[in-house]
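Presented below is the structure to which this report refers.
A short reminder: the numbers here are calculations on the coordinates, not readings from a lab. In this text the structure is predicted, and so the values were computed from the model without any measurement. Cβ: placed from backbone, ideal geometry, glycine included. Neighbour counts: every protein chain shown.
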């Protein structure tokens, strides 16, 4: 799901990317891809139709909310729609979702944290106006991270901050350390490799799994493509994915495959019809008839 408003800061899973952007924009937890679900499951905005809200909320005995990264994922899922809906409407929708999932005591606590999170995100937007935090150097990046954590402390207790944002803080620290090694001109290539290897060895298991997950998916998709080329059925592909991941993950990936196939079919039909038209107005009418406004943003890459 694309981020469409500065209110939501872009992920910092790869801090090296800040070399190409003027302001470090950090996510709050490892991104969780939105997965295909039952049709019209979530009609809050068109861009989220067919997806399921992120965040597996947990409570302990006594209806005590577990305020962790999953709660942040739920908040960010909805807040990614700023620009499509007013913030007040989005907040109301999140609160209704919390009421659906949680009992009153836990829901009230989650709503309190939601208010703090929105205030925190709003405060973060102002950091890009600080000239002392501008630039792509390591000192500027380190300063932005420090300022972000200082701002966070105004809205969350140390315990809340650790539970909700601890993973991304660890991730950012690891990535920054790797950047420092890479840019340290006093180190030889072997010395850099030795230091990077030490970071690899010290990497927490959760972070290692998060870093390796995308590569694992890429390898699975390569295997699926080869299986199809060799005549394997979609059931065969499902069983391969289920063995590597889980039956639930395999089912979700199959739904994504179906959605992608349907999209390619629609694109093929559109391009075939478009090739018969020369009038700009007729082409625009065809686009409007076959695709909604968000889908039309993807069309130029196919029309070239």
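A Förster radius of 35 Å, combined with the Cβ-Cβ distance separating residue 134 from residue 223, puts the computed FRET efficiency at roughly 0.20.
Relative to the current alpha-carbon distance between residue 183 and residue 256, full extension at 0.36 nm per residue lengthens the span by 22.3 nm.
The residues 277, 127, when put in order of fewest to most other Cβ atoms within 10 Å, stand as 277, 127. Computed extension length for residue 96-residue 150: 16.4 nm, one decimal, from 0.36 nm per residue of separation with the Cα-Cα distance subtracted. Ordering of 145-152, 223-230 by packing is 145-152, 223-230, highest average first (other Cβ atoms within 10 Å, averaged per residue). Express in whole angstrom the spacing between the alpha-carbon centres of the range 237-304 and the range 98-162. Using only Cα atoms to place each centre, the spacing works out to 36 Å. Counting every alpha-carbon pair across the range 102-220, the share separated by more than 23 Å comes to 51%.
For the range 246-304, just say rounded, prolate or oblate: build the C-alpha gyration tensor, square-root its eigenvalues into a ≥ b ≥ c, call rounded for a/c under 1.5, and beyond that prolate if a/b exceeds b/c, oblate if not. Here the range 246-304 falls in the prolate category. Peptides 155-162, 182-189, 92-99 ranked from most to least packed give 92-99, 155-162, 182-189, packing being the mean of other C-beta atoms within 10 angstrom over each peptide's residues.
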